[in-house]
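Visitor: Below you will find the structure I want to go over with you.
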Amino acid sequence: MSTIDSVLTENRVFPPADAFVGQANISGRAAYDAMCAEATNDPENFWARLARENLSWATPFTRTLDESQAPFYKWFDDGTLNVSWNCLDRHLENGNADKTAIIFERDDGTSERVTYRALHARVAQFANGIAALGYKKGDRAIIYLPMSIEAVVAMQACARLGVIHSVVFGGFSAKSLQERIADVGATLVITADEQVRGGKTIPLKPAVDEAFSMGGCDAVTNVIVYRRTGGNVAWNEGRDRWMHDVTAGQPETAPAVPVEAEHPLFILYTSGSTGKPKGVQHASAGFLLWAQLTVKWTFDLKPDDVFWCTADVGWITGHTYIAYGPLAAGATQVIFEGVPTYPNAGRFWDMIARHKVSIFYTAPTAIRSLIKAADNQPDHHPDKYDLSSLRLIGSVGEPINPEAWMWYYKNVGGERCPIVDTWWQTETGGHMITPLPGVTPLKPGSCTLPLPGIAAAIVDETGGDVELGKGGFLVVKRPWPAMIRTIWGDPERFKKSYYPEELGGTYYLAGDGANRDTDGYFWIMGRIDDVLNVSGHRLGTMEVESALVAHPLVAEAAVVGRPDDLTGEAVVAFVVLKQERPDGEEAKAIAKTLREWVGREIGPIAKPKEIRFGDNLPKTRSGKIMRRLLRVVAKGETVTQDVSTLENPAILDQLGKAL
Ligand code: 6R9
């Protein structure tokens, strides 16, 4: 509640500087209003014009939007193109072959530059290599790689062949990997021996072997391994092959297979409100169009910019704003293998200075941890570095609190760089509500206004518009090209999750609560479902609960979020054991075991920050766990709500005590 109050009373406004407006790709409010008017008055023409102007088509489309199967919308569906061709080949044709595409910096500080010509050659060789193994359009490949040029090469090579990729974040466990391999029906897995982060090596290939040992991976015929460290790995002859062997001797050109606009480009799993992660399916043309356009609009990309998005390619931000958008737009971008605090808290600032980064895009959780680190390591405070190359900075992943916004604005942006606080989701494909740096006066903590073409609104539980100043559900009233197409293998769940009948069945329901102020600015209030946001990572409470109850000691578990200064939200688990409720050292030992268990079941990001044991959980007489009350208890507050419907009110006292 306190954050909601504080953001709604936030009244500082930072209009864009005249110099920025003068050079911006979208310059001034009138330009924005004109684009919004065009999009509202004739949406099909608006999107068709952008798709023709910005993408290179193999077969031009004649149909823009097919709503006949709504909410299964189709965009540009009689056109064909190749995503990798749009990201690479066309830059070779237009004189940018020798432009740097990627500046890759390793954990140890060494770096490598790759031109568009060289990246194209590497993608072609790998595409030829996997084509030679028999992979073709429509096959599914799991990519489980660290941040590397190879990760981008693997994604682009899949796109070149029409192979549908599903990237699994390197921090996910063998179990999570196995579930995704099985659900997506992968026939190819691409991984690395180990990853390197913060001076440590972390094995990856063993997780793949472990995933196979769990079953459900029989369709996979090849595991391609990128040798990052040369660390020891077990080898499965006939199935495993080195990436350098797959590419060896392959030609540096490869056909770019034209695919239908609606051909799935990738499937990316994300947490929902039930236990099983959802495979969000994106289409080729619509996704690429929006990835490229938002790089130009939101980040105001110019030919000489050096762009750096600090996300991992395992998340949607790394798909849209590393693997596809910047390349489609012909940018030079930095890709970083390591972590922000190694070898010290100045790593990001040092990299910005060394690589002359002009556009920097990171997450509030990183900013908050660097604020703290800068206090503890004054020698590595951003003011010790030359950040004068920056001209725009951005934020993504969770609401940014006004205090962190102000710190970022002053200490990183030098009170000169606009901050683009971009609200969007795995499902939206790209930015939805965000300032345009040459248009929008900024308010710390608000993602401001929808992009042209995005019909964002706030409605009540029946789908009716709410007045300005009143909170409600964030929806998008009209389809847009980069939207989710379906949940892989579960179209019913897609409809139920995102187009609920209660709201009329035609609005996309984002799952966030939001508010609008009298200027029409959006303020995101967080999730309305059982999804947590821990350090910008989405996590379903049900997912963590399922992991906990899978442990032989656990009878029942309820998981809630608690506000956390550093991670935004923290996971708190209330657990009933099959044995008597433990206390003292025994309780601490079991809590430790369970935390590690969750780390293995899902991944380290899902480990509960706190576990509390009870004889039972607070339940209604009909047996429903009252998570609402547990949220109050988790915060250390006293329950003041009416508990008369509770079967066992005394349990709240017991659960109120931390270990
Ligand atoms: C891109 C990404 C989506 C959820 C979303 C919302 C939260 C993302 C935000 C933000 C406030 C922002 N979120 N950006 N909340 N302000 N600028 O993060 O995708 O991992 O799918 O998460 O993240 O709650 O619903 P994803």
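Visitor: Given H placed on each backbone N at 1.01 Å, which residues far from residue 526 in sequence or on other chains put an amide H within less than 5 Å of it?
Guide: The list, which skips near neighbours in sequence, is 513.
Visitor: Taking N as the number of residues in segment 461-583, what value does Rg over Cα atoms divided by 2.2 N^0.38 Å take?
Guide: On the way: Rg = 18.2 Å, N = 123, 2.2 N^0.38 = 13.7 Å.
Segment 461-583 yields a ratio of 1.33.
Visitor: To continue, here is another question. Taking a ≥ b ≥ c as the square roots of the Cα gyration tensor eigenvalues, with a/c under 1.5 meaning rounded and otherwise prolate when a/b beats b/c, else oblate, which class fits segment 345-400? The partial results should precede the final answer.
Guide: Numbers: a/c = 2.41, a/b = 1.04, b/c = 2.31.
Since a/c reaches 1.5 but b/c is at least a/b, the shape of segment 345-400 is classed as oblate.
Visitor: Which whole-Hz couplings ³J(HN,Hα) result when phi for each residue of segment 434-448 is put into the Karplus expression 6.51 cos²θ - 1.76 cosθ + 1.60, θ = phi - 60°, listed in order with x for Gly and Pro?
Guide: With coefficients 6.51, -1.76 and 1.60, one gets 6, x, 9, x, x, 10, 9, x, 8, 10, x, x, 10, 7, 6 Hz.
Visitor: Give the lysines whose C-alpha is closer than 19 Å to that of residue 496, dropping any in the same chain fewer than 8 places away, or say none.
Guide: In chain and number order, the partners are 74, 276, 278, 477.
Visitor: Calculate I(q)/I(0) for the chain by the Debye formula, one identical point scatterer on each C-alpha and no solvent, and give its log10 at q = 0.11 Å⁻¹ to two decimals.
Guide: -1.17
Visitor: Additional query: Over the chain, what is the percentage of antiparallel beta bridges among all DSSP beta bridges, to the nearest 5? Numbers along the way, then the final one.
Guide: Details: 57 of 96 bridges.
Roughly 60 percent of the beta bridges in the chain run antiparallel, per DSSP.
Visitor: Now for a different question. Applying 1/(1 + (r/R0)^6) with R0 = 22 Å to the Cβ-Cβ distance of residue 23 and residue 49, what FRET efficiency is obtained, to the nearest 0.05?
Guide: Details: r = 23 Å, r/R0 = 1.07.
For R0 = 22 Å, the calculated efficiency reads 0.40.
Visitor: Whole-Hz Karplus ³J(HN,Hα) for segment 172-183, in order, using 6.51 cos²θ - 1.76 cosθ + 1.60 and θ = phi - 60°, x for Gly and Pro?
Guide: 7, 7, 4, 5, 4, 5, 4, 4, 6, 4, 5, 5
Visitor: Cross-link partners among aspartates and glutamates for residue 607, C-alpha distance below 15 Å, same-chain residues fewer than 8 apart left out?
Guide: 543, 545, 564, 569, 596
Visitor: What does the net charge come to around residue 182 if you take all other residues with beta carbon closer than 13 Å to its beta carbon, with K and R at +1 and D and E at -1?
Guide: Numbers: positive: 140, 175, 180, 276; negative: 179, 183, 218.
Net local charge, residue 182 excluded: +1.
Visitor: Counting heavy atoms of the protein chains only and a 1.4 Å probe, report the per residue accessible area for the chain as a whole number of Å². Present the calculation step by step, with values, prior to reporting the outcome.
Guide: Numbers: 24600 Å² over 659 residues.
Per residue, the chain has 37 Å² of solvent-accessible surface.
Visitor: How would segment 535-656 be classified by its alpha-carbon gyration tensor: rounded, prolate or oblate, with rounded meaning a/c under 1.5 and the a/b versus b/c comparison settling the rest? Walk me through the numbers on the way to the answer.
Guide: Numbers: a/c = 1.65, a/b = 1.24, b/c = 1.34.
Cα axes put segment 535-656 in the oblate bin.
Visitor: Which percent of the accessible area of the chain is formed by carbon and sulfur heavy atoms (probe 1.4 angstrom)? Could the numbers behind the result be given before it?
Guide: Working: 12330 of 24600 Å².
C and S fraction of accessible area: 50 percent.
Visitor: Another one. Please give the FRET efficiency for residue 197 paired with residue 389, using the beta carbon to beta carbon distance and R0 = 25 Å, rounded to the nearest 0.05. Write out the running numbers ahead of the final one.
Guide: Details: r = 26 Å, r/R0 = 1.02.
Computed FRET efficiency for residue 197 and residue 389: 0.45.
Visitor: Go through segment 30-39 residue by residue and turn each phi into a ³J(HN,Hα) via Karplus (6.51, -1.76, 1.60, θ = phi - 60°); whole Hz please, and just put x for glycine and proline.
Guide: Per residue, the Karplus-derived 3J(HN,Hα) values read 5, 5, 4, 4, 5, 5, 4, 5, 4, 5 Hz.
Visitor: Amide H neighbours of residue 144 under 5 Å, at least 5 residues apart or on other chains, H built in the peptide plane: list them.
Guide: Sorted by chain and number, the residues that satisfy this are 168, 190, 191.
Visitor: Right, next: Which GluC sites (Glu not before Pro) in segment 390-493 pass both tests, a DSSP loop state and at most 15 other beta-carbon atoms within 10 Å?
Guide: Details: sites: 403, 415, 427, 461, 467, 492; in loops: 415, 461, 467.
Passing both the DSSP loop test and the Cβ count: 415, 461, 467.
Visitor: Need one number: nm distance between label points at residue 496 and residue 236, each 7 Å from Cα along Cα→Cβ, rounded to one decimal.
Guide: With each label point 7 Å from Cα toward Cβ, the separation is 3.3 nm.
Visitor: Given segment 1-113, report the % of alpha carbon pairs whose separation exceeds 22 Å. Intermediate results must be reported in sequence, preceding the final value.
Guide: Values: 4168 of 6328 pairs.
The share of Cα pairs beyond 22 Å in segment 1-113 comes to 66 percent.
Visitor: Taking the Cβ-Cβ separation of residue 34 and residue 461 as r and a Förster radius of 41 Å, what is the calculated FRET efficiency to the nearest 0.05? Kindly include the intermediate steps, with their values, before the conclusion.
Guide: Numbers: r = 35 Å, r/R0 = 0.85.
Efficiency, rounded to the nearest 0.05: 0.75.
Visitor: Quick check: the distance between the Cα centres of segment 586-621 and segment 207-281, to the nearest angstrom?
Guide: 32 Å
Visitor: Amide H of residue 486: which non-local residues (sequence gap of 5 or more, or other chain) have their own amide H closer than 5 Å, using H built in the peptide plane?
Guide: For residue 486, the qualifying residues are 281.
The values are calculated or read from the model by the stated rules, or taken from the named source; none is laboratory data. These figures come from a predicted structure and were not determined experimentally. Positions of Cβ are generated from backbone atoms using ideal geometry, with glycine treated the same way; all protein chains shown enter the neighbour counts. Remember, those area values only see protein heavy atoms, side chains included, never the ligands or the DNA or RNA. Shrake-Rupley method; radii C 1.70, N 1.55, O 1.52, S 1.80 Å.
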